[in-house]
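All of the numbers you see were taken from the coordinates with simple rules; none came from a lab. Note that the structure is predicted; figures quoted are calculated from it, not measured. Note: ideal-geometry Cβ built from the backbone for every residue, glycine included; neighbour counts use all protein chains shown.
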Amino acid sequence: MINIIAILEVKNREEFNKFETQAIQIIRSHGGKLVAAFEPDTSFSSDSDGIEVHYIQFSDLDKYNSYRADPALAVLSQLRSRAIRSTQLYVSDKVKAISNRRR
């Protein structure tokens, strides 16, 4: 499983919504899914105004790479540039085993 956290600094919300809708369709076409998306609550998170966080999964690296190489995603590059100021991307195929047991 490939787990992705994307921290997006949105500069134009209307353009971002258009981009996001189309990008999610491309993610799905490669077997991926947007597990969760949220805007941090500014009362709990400093410097989070305009930030959106996405948690995305792909079943394997080949599917993730095929998504990244999809020409349909490249077509969205100008829309993406108008919508998003910056992106921090964290990608991993490793998940830590964490016990929730109390001792």
field: Pair Ser66, Lys18: separation of 7 Å Cα→Cβ label points (nm)
entry: 2.9 nm
- line: Taking the chain and counting helices only, DSSP H stretches of n ≥ 4 at -39,500 (n - 2.57) each over all residues, the nearest-500 ellipticity at 222 nm comes to -10500 deg cm²/dmol
- request: Quick one: dipole size for segment 2-92, taken about the Cα centre, charges +1 on Lys/Arg Cβ and -1 on Asp/Glu Cβ, in debye to the nearest 20.
  value: 320 debye
field: Positive dipole terminus of the chain, leading residue within Ile98, Thr87, Gly50 (C-beta point charges)
entry: Ile98
statement: Exposure proxy check on Arg13, Arg82: fewest-to-most Cβ neighbours within 10 Å is Arg13, Arg82
field: Exposure proxy order (Cβ contacts within 10 Å, fewest to most) of Glu9, Glu52
entry: Glu9, Glu52
message: Can you return the aspartates and glutamates within cross-link range of Lys94? Criterion is Cα-Cα under 15 Å, with same-chain partners fewer than 8 residues away left out.
response: Asp60
